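The values are calculated or read from the model by the stated rules, or taken from the named source; none is laboratory data. Because the structure is predicted, anything quoted here is derived from the model rather than measured. When we count neighbours, we look across all protein chains shown, and the Cβ atoms used for this are built from the backbone with ideal geometry, even at glycine.
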Amino acid sequence: MTARHRHLFIVIIIILLIVALFLYSTRSRPVKVRIAEAAVGSIEETVANTRAGTVKACHRALITPAIGGQIAALPVKEGDYVEQGALLLELWNKDLQAQLELAESQARAARASAESVCVRADIAARKAKRTLELRKTKAISEELVDQTVGDSKAQKADCESAQSSARVSAAQVNLAKAQLERTRLIAPFAGVIAEVTGELGEYVTPSPPGIATLPVIDMVDKYCFYVSAPIDEVDAPQIKLNMQSRISLDAFKQRRFSGTVRRIANYVLDREKQARTVEIEVNFSQTEVMHELLPGYSADVEVILKTREQVLRVPTEAVIDKQQVLVFDADEKLLELRDVITGLSNWDHTEIIEGLQAGEQVVLSVERKGVADGAYAIAETE
């Protein structure tokens, strides 16, 4: 071997050593990945809301008196529980109470007068009947018969007139009662007083037509809630009434609640700069959780469209573009990008129809820097 060949050989050896050292140094710094095992289980296909939904009370009343006036009685405060029919507020109404008393007195007098007149009419009717019977025997003159019958008819007309006056008086009583009721706010259902904006002695006025004003009392049903949530118009046709659902609340991050679809809006909301959506309402199935809820909580809804049992599944975050996963080889410490055929999918899991075997490990941290096909990796420990 000549000196030139030996020199070339040494250069090649040095280059190979450099490459080997580079590869070794690269391989010696593996990327850490989170992994999960492909396993057999159940999976559901779901549809979720596009924006946050809202917990709403089944019954909520924003109440204001029908007429204006000064608040004379306010027996409730915020947080009070009241039964249906309880008095919530009363305006000053002594004038209307006096009018009611007057109307009731006039009605009593009208009834008594009608009874008296009708008793006389009844007596006159019986007298006329006897007179007509006597006329058959020629024992009484025709003049007396005409007088008696005419008096009976007049008395009957007086009775009918008096009865009409009594009915008018009774209607005036009902009118006075209705006017008095307009000064009172009565609980339309059993619930909790959420807010009171008025104070004793303050004047309140009803809302003018087309102009909304703050209600004096805001009342909610504390023991019946549902979730209203927007669903993308593309997904809405798949949803049917009474479909099973899952509800997630930001206020209870570690819990999920079951529910059923109770209403699907028959129109599409088209709001500027937002997707077109269809509003759905979902009932809570567990009535025992109602006391923990508050109207206004933000909520997310998953409507369960289909369910399959005993299928191979992986966490949804491991699936790339709905058709690939990164498989972690625990022996070689290498990542392999593999094509898969997916089936049902939801936020948590995706069904794998083809491309994986039960027990194989897939990468969850697919967005992490350095995570790619052929990368040297180690499993991240908790």
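Numbers for the structure displayed
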{"quantity": "Flag for Lys77 being basic (Lys, Arg) and at pLDDT below 90", "calculated": "no"}
{"quantity": "Hey, Asp373 surrounded by fewer than 16 Cβ atoms within 10 Å (Cβ to Cβ), of a type in the set (Asp, Glu), more than 30 Å from Pro230 (Cβ to Cβ) and at pLDDT 90 or above or not", "calculated": "no"}
{"quantity": "Residues within the stretch 227-250 that are exposed (fewer than 14 other Cβ atoms within 10 Å of the Cβ), part of a loop (DSSP other than H, G, I, E, B) and not polar (S, T, N, Q), tallied", "calculated": "4"}
{"quantity": "Among the candidates Ile353, Ile378, Ile280, residue that is part of a strand (DSSP E or B) and either out of contact with any strand residue (DSSP E or B) (no Cβ under 8 Å at 6 or more places or on another chain) or under 26 Å from Asn49 (Cβ atoms) (or both)", "calculated": "Ile280"}
{"quantity": "Number of positions in the stretch 213-228 that are in contact with a Lys or Arg (Cβ under 9 Å, 6 or more places away or on another chain) and hydroxyl-bearing (Ser, Thr, Tyr)", "calculated": "2"}
{"quantity": "Selected residue (only one of Thr50, Thr64, Thr26, Thr46 is among the hydroxyl-bearing types (Ser, Thr, Tyr), at pLDDT below 90, at negative phi and more than 32 Å from the chain's Cα centre (by Cα))", "calculated": "Thr26"}
{"quantity": "Residue match in the stretch 296-311 (condition: of a type outside the set (Ser, Thr, Tyr), part of a loop (DSSP other than H, G, I, E, B) and surrounded by fewer than 16 Cβ atoms within 10 Å (Cβ to Cβ))", "calculated": "yes"}
{"quantity": "Filter result for the condition that a residue is closer than 30 Å to Ser345 by Cα, surrounded by fewer than 16 Cβ atoms within 10 Å (Cβ to Cβ) and charged (D, E, K, R), over Arg51, Arg60, Arg130, Arg126", "calculated": "Arg51"}
{"quantity": "Single condition Ile71 does not satisfy, out of (1) in contact with a Gly (Cβ under 8 Å, 6 or more places away or on another chain); (2) of a type in the set (Val, Ile, Thr); (3) assigned to a helix (DSSP H, G or I)", "calculated": "(3)"}
{"quantity": "Inter-residue pairs, beta-carbon under 6 Å, first closer than 29 Å to Pro65 by Cα and in the stretch 156-181, second among the charged types (D, E, K, R) and part of a helix (DSSP H, G or I), 6+ apart", "calculated": "Val173/Glu104"}
